[in-house]
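In what follows, a structure is listed as structure tokens, so that the remarks can point back to it.
The values are calculated or read from the model by the stated rules, or taken from the named source; none is laboratory data. Remember, predicted model here, so these are calculated numbers, not experimental data. With ideal geometry, Cβ positions are generated from the backbone for all residues, glycine too; neighbour counts draw on all protein chains shown.
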Amino acid sequence: MKVGYVRVSTEEQNTARQELMMGELGVEKVFLEKVTAKTQCGREQLEAMLQFVREGDAVVVESISRIARNTKDLLEIVERLEGKGVAFISRKESIDTKTPAGKFMLTVFGAMAQLEREYILDRQREGIAIARQNGKYKGRKPIAVDDEKFVQVYARWRSGGCKGVEAMRELGLKPSTFYRRVRGYEARGE
């Protein structure tokens, strides 16, 4: 069975082109996802597809950038597929892991996709640095948390009256922000 995986990075993006290609290739079942591929976390349809496929199936994608953004993730996904006896086919790069040349090309294109992603991040950092120099980039606005409320929740958390997750939820903070505030509060010796 040919199983397709279609992904776009945002809700606003259109999957029609990828879905049309899947139909042209005779793909019988398609898993569709609208989520960034920076990490595998939160990619429920990818995980569902990996659970669904069986020995003898082939997973078809429009390009390797649709299934992974770095070589490590790509190779881990393909390794999982191969462990189940499932082939991986990428239309754009003409990769088919049923062949030795396809396996080689998979590694090469995976490295190229990772390199391009790193170039994009470098350009983004450079653009932010230039914008900062010109006074046009101020960074994210700090999350406003009432100091009195923070002290109350902090005291309850430190005394074991609540778990960290509950404290973060109550304050509306993510873990990194919560613990940064805790370190700052404790450093001031309050």
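Key figures
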read-out: Looking only at segment 37-69, and only at residues there that are surrounded by 14 or more Cβ atoms within 10 Å (Cβ to Cβ) and hydroxyl-bearing (Ser, Thr, Tyr), the one that is modelled with the lowest pLDDT; value: Ser65
read-out: Residue in segment 168-181 that is in contact with a helix residue (DSSP H, G or I) (Cβ under 9 Å, 6 or more places away or on another chain) and within 30 Å of Gln18 (Cβ to Cβ) present; value: no
read-out: Residue among Val3, Val35 that is farther than 24 Å from Gln114 by Cβ and of a type in the set (Val, Ile, Thr); value: Val3
read-out: Unmet requirement for Thr10, which otherwise passes all of (1) in contact with a strand residue (DSSP E or B) (Cβ under 7 Å, 6 or more places away or on another chain); (2) closer than 20 Å to Leu74 by Cα; (3) without any contact (Cβ under 8 Å) to a residue 40 or more places away in the chain; value: (2)
read-out: Residue in segment 24-36 that is part of a helix (DSSP H, G or I) and not small (Gly, Ala, Ser) present; value: yes
